[in-house]
Amino acid sequence: MNLQEELRLTFRPGVRYTNKQIKSTLKYLYEIHGVKSKAKAQDLKLFGFNVKRAIIRDEDRKRIEGLLIL
């Protein structure tokens, strides 16, 4: 399975992800596929994802920046 397919299976439309979640997942997938660049949450745009900035509340009601996959 190539990187693009794995990203499509991992990140679902309509779901909010924190930047930290996206970055750690991308870092893992980049390592598996031998991608040398540094993982950034905004990289999802490079793979054709439509994203929108989102604020996510954690268990402690803290506001965490993330992305909504459209």
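The values are calculated or read from the model by the stated rules, or taken from the named source; none is laboratory data. Being a predicted model, the structure only gives us computed values, none of them experimental. The area values use the complete protein model at the heavy-atom level, side chains included, leaving out ligands, DNA and RNA. Shrake-Rupley method; radii C 1.70, N 1.55, O 1.52, S 1.80 Å.
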Three semi-axes of the equivalent ellipsoid, the chain, Cα gyration tensor, whole Å, largest first: 22, 13, 10
Carbon plus sulfur fraction of accessible area for the chain, probe 1.4 Å, in percent: 50
The chain: calculated mean residue ellipticity at 222 nm from DSSP helix runs of at least 4, using -39500 (n - 2.57): -11000 deg cm²/dmol
All lysines inside 30 Å of Lys36 as judged from Cα atoms, apart from same-chain residues fewer than 8 positions distant: Lys20, Lys23, Lys27, Lys45, Lys52
Heavy-atom accessible area per residue - the chain, 1.4 Å, Å²: 73
Segment Glu31-Ala54, length gained on full extension (0.36 nm per residue, minus Cα span): 5.6 nm
